[in-house]
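The values are calculated or read from the model by the stated rules, or taken from the named source; none is laboratory data. This one's a predicted model, so the numbers in the text were calculated from it and none came from an experiment. With ideal geometry, Cβ positions are generated from the backbone for all residues, glycine too; neighbour counts draw on all protein chains shown.
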Amino acid sequence: MAFLIINASPRKGKNCYCVLENVKNILDDNNLKYRVIDIYDLNIDYCNACGYCEKTGHCRINDDMKSLYREFNDSIGTVVVSPVYFDSVPAKLKTLIDRTQAFYASKYILKKPSIDRNKNRVGMFISIGGSRAYKTQFLGGEIVIDFFFKSINTKLIHKYYLANTDEIEVKSNLDALEDIKNLTLDLIDRASKN
């Protein structure tokens with residue numbers, strides 16, 4: 001079993017990438033397995049509300065989500081690293097999240113879960129905003145991510161929001177890097193108790 005780290009940024013080598021590398025290093029230091037899911041390298045089609053999952057508990061679309069369903073089920077935890085796009089998450093991440101409707105339908109409509117509900121998975125959401133902090137900056141993303149973690153049967157343990165990264169890049173923000181390290185270590189600790 002492994003952690004899944006979802007990179008929701010298309011920008012290589014920038015702020016989300018720096019966060020992702022730090023999380024990977026901490027997992028490596030603790031001899032834990034993980035897989036980075038760079039969503040911009042995947043073929044994930046949009047949910048078209050066909051209703052197939054409400055009848056079967058599975059999605060009819062044959063694309064890279066097929067393997068991700070298995071990986072979410074097998075994982076011990078998920079970390080999502082995402083930039084803020086218009087007070088929410090990027091469309092590519094939202095597309096992946098919408099496709100977890102198959103899990104939702106299997107659990108709540110059909111009452112025959114296609115994801116193991118007895119596993120105690122742990123999760124963390126790290127959101128990076130370029131502009132200076134304002135009241136609703138992370139709100140849209142938080143609402144979407146809360147539903148996502150419920151859908152993949154993962155307890156969202158930590159949410160970490162970092163604003164003003166256009167002025168102060170993550171790699172220069174030692175306090176933020178320390179926070180991310182501590183939150184990741186706590187996530188590892190909680191995963192080990194499951």
Margin query: Among the numbered criteria (1) in contact (Cβ under 8 Å) with a residue 40 or more places away in the chain; (2) more than 19 Å from E71 (Cα to Cα); (3) touching a Gly at 6+ places or on another chain (Cβ under 9 Å); (4) not polar (S, T, N, Q), which one does I157 miss?
Written below: (1)
Notebook entry, point to check: Which residue pairs have Cβ atoms under 7 Å apart, sit 6 or more places apart or on different chains, and have a first residue in the range 167-193 that is polar (S, T, N, Q) and a second that is at pLDDT 90 or above?
Noted result: T184/V23; T184/I26
Notebook entry, point to check: Looking at this structure, is N31 among the polar types (S, T, N, Q) and either closer than 29 Å to A176 by Cα or assigned to a helix (DSSP H, G or I) (or both)?
Noted result: yes
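Residue-wise test of (1) under 24 Å from K12 (Cα atoms); (2) outside any helix (DSSP H, G or I); (3) of a type in the set (D, E, K, R).
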position	(1), (2), (3)
I97	yes, no, no
N118	no, yes, no
G130	yes, yes, no
A133	yes, yes, no
D146	no, no, yes
K159	yes, yes, yes
I168	yes, yes, no
L183	yes, no, no
D186	no, no, yes
Next item on the list: Could you tell me which residue of the range 147-194 is modelled with the highest pLDDT, considering only residues that are touching a Lys or Arg at 6+ places or on another chain (Cβ under 7 Å) and of a type in the set (S, T, N, Q)?
Entry: T154
Margin query: With the requirement that a residue be among the small types (G, A, S), surrounded by 18 or more Cβ atoms within 10 Å (Cβ to Cβ) and closer than 30 Å to E169 by Cα, what does the range 103-130 give you?
Written below: G123, S127, G129
Next item on the list: Can you give me the number of residues within the range 99-116 that are out of contact with any Phe, Trp or Tyr (no Cβ under 7 Å at 6 or more places or on another chain) and assigned to a loop (DSSP other than H, G, I, E, B)?
Entry: 5
Notebook entry, point to check: Can you name every residue in the range 72-95 that is part of a loop (DSSP other than H, G, I, E, B), closer than 28 Å to S192 by Cβ and not β-branched (V, I, T)?
Noted result: S75
Note to self: I want to confirm something. Restricting to the range 37-78 and keeping residues that are among the small types (G, A, S) and surrounded by 18 or more Cβ atoms within 10 Å (Cβ to Cβ), which single residue is farthest from L156 (Cα to Cα)?
What the structure shows: G57
